[in-house]
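Heads up: the structure comes next, in structure tokens.
The values are calculated or read from the model by the stated rules, or taken from the named source; none is laboratory data. All figures in this text were calculated on a predicted structure; none of them were measured in a lab. Methodologically, a virtual Cβ is constructed for each residue, glycine included, from the backbone with ideal geometry; neighbour enumeration extends over all protein chains shown.
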């Protein structure tokens, strides 16, 4: 896909043929409308497709724009899962190579899938004084800029969406962070407006599968984007934990306000969850040993503590226990009875999608909601910020509330709870005993926070979990414990690390091949993106 196609959904075409008789021309225009003309459409019809890009939308120009498609590979980097065989370059922390658009879906989501469609929705809604649609548009754009740069680092900011250009210069990650914050504040301003064309019922027409027209929840979403942006700066001298805490307090603090994409799961494939069996995208993926050990008392931070959330988010084996695979090792070390089921409830060796999701659970069902930002994440952000201020009591309170909110989300989401075998389902009575088990008598540590956050965002918190792990450079030491912050996390090394990495771990995805590497090579050269190990180059946000 050419960059001009990605960045220009609406193009004004100059007439190049002779002028026809007006009456004849009028009839032709009526019969054959120009598909590229900037024809105005109701903003209510634009928003559903824009929201669809959060997880995975499709169009005639390609498919699967959004978090989920790239998440298949990012999930390998953070060891949510690994392939059930050996030799996969993404298990080995490799980046995309050759003429491949793998790991380019978030790029296409931002510039094309949302792209000019989102800009038009904002402009047209402003003309009609539908300030709620304007605010929602800016909130989505803020989230999209932050997600884009956290995935790719440098990208196109100042010249983005300029229909007069064929090539585009790259801008810094720092500038994109500033833009995400600027747009978040604009979003909050518009979402606070009343009167004119503002209407919950009308916003719900376009927002039926996200917040159903609730502008207060959209404001909390925008505040949570701000909290994320400040939380990511822990390696910077400018890091300000008070900013994280301030915006987190205004953000999503209850599971009832979680930002979640929902699915009708009927008709077209785009109405189904990308990870469900109908879409058939996760057949070769199996839970990692890291997550299995974390939930079964084999991680040194939570020694001998069995997590009651395990049957909700990972899969058992025929022994009735929870085991996982190591990156690039397949079944190595797992006897047959210890090999976990696939995410749809089939055998470890099976990669074929079943015709039903009856045995699927969690986010791996056809109609399961897919979280984008949760209250649990926001509480864990607060916990980390308080801990860095040496506010230990406040850190512990936020840590505990982060765990509670994750339990509440699982228990109160029917697609997550009802799909679990009856004997393994949790009740609210299970929450406090577990919270007490995983809360030390003394001060909590960064490891406590980040590992419980990892569990709470398992499977869906793809870019954000990767951002967390990159902030801690995969193996950084927790000064309070002398162990890795991500205790027991073992990145691939030696023969298990992709050859192009030159011994380094992955820190970014390369830009989308079919726009940048075909048509925008000069810009790629300016940031070093033609190097085979570009994906290992640290981002601005992960450096001091």
Checklist entry - What number goes with the only condition from (1) in contact with a helix residue (DSSP H, G or I) (Cβ under 7 Å, 6 or more places away or on another chain); (2) touching a residue at least 60 places away in the same chain (Cβ under 8 Å); (3) under 21 Å from residue 420 (Cα atoms); (4) in a loop (DSSP other than H, G, I, E, B) that residue 323 does not pass? => result (2)
Next on the checklist: Whether any residue in segment 463-470 is crowded, with 17+ Cβ neighbours inside 10 Å, in contact (Cβ under 8 Å) with a residue 40 or more places away in the chain and outside any helix (DSSP H, G or I) is what I want to check.
Outcome noted: no
Next on the checklist: Of the conditions (1) modelled with pLDDT of 95 or more; (2) over 21 Å from residue 71 (Cβ atoms); (3) out of contact with any helix residue (DSSP H, G or I) (no Cβ under 6 Å at 6 or more places or on another chain), residue 384 satisfies every one except a single condition; which number is it?
Outcome noted: (3)
Next on the checklist: Given (1) assigned to a loop (DSSP other than H, G, I, E, B); (2) touching a helix residue (DSSP H, G or I) at 6+ places or on another chain (Cβ under 8 Å); (3) buried (at least 23 other Cβ atoms within 10 Å of the Cβ), identify the lone condition not met by residue 291.
Outcome noted: (1)
Checklist outcome for this item: When residue 439 is run through (1) closer than 16 Å to residue 313 by Cα; (2) out of contact with any strand residue (DSSP E or B) (no Cβ under 8 Å at 6 or more places or on another chain); (3) in contact (Cβ under 8 Å) with a residue 40 or more places away in the chain, the failure sits at (1)
Item to check | Residue among 151, 147 that is within 22 Å of residue 519 (Cβ to Cβ), touching a residue at least 60 places away in the same chain (Cβ under 8 Å) and buried (at least 19 other Cβ atoms within 10 Å of the Cβ) | outcome: 151
Next on the checklist: Being assigned to a loop (DSSP other than H, G, I, E, B), free of Cβ contacts under 8 Å to residues at least 40 places away in the same chain and exposed (fewer than 13 other Cβ atoms within 10 Å of the Cβ) is the filter here; which residues of segment 326-344 pass it?
Outcome noted: 333, 335
Checklist entry - Any chance segment 209-221 includes a residue that's without any contact (Cβ under 8 Å) to a residue 60 or more places away in the chain, assigned to a loop (DSSP other than H, G, I, E, B) and surrounded by fewer than 16 Cβ atoms within 10 Å (Cβ to Cβ)? => result yes
Checklist entry - Which members of segment 505-531 meet the condition of being surrounded by 15 or more Cβ atoms within 10 Å (Cβ to Cβ) and part of a loop (DSSP other than H, G, I, E, B)? => result 505, 506, 507, 508, 509, 510, 511, 512, 520, 529, 531
Checklist entry - Which residue out of 445, 475 is in contact with a strand residue (DSSP E or B) (Cβ under 9 Å, 6 or more places away or on another chain) and either under 30 Å from residue 397 (Cβ atoms) or in contact (Cβ under 8 Å) with a residue 24 or more places away in the chain (or both)? => result 475
Item to check | segment 165-191 - residue that is in contact with a helix residue (DSSP H, G or I) (Cβ under 7 Å, 6 or more places away or on another chain) and outside any helix (DSSP H, G or I) and, of those, nearest to residue 147 (Cα to Cα) | outcome: 172
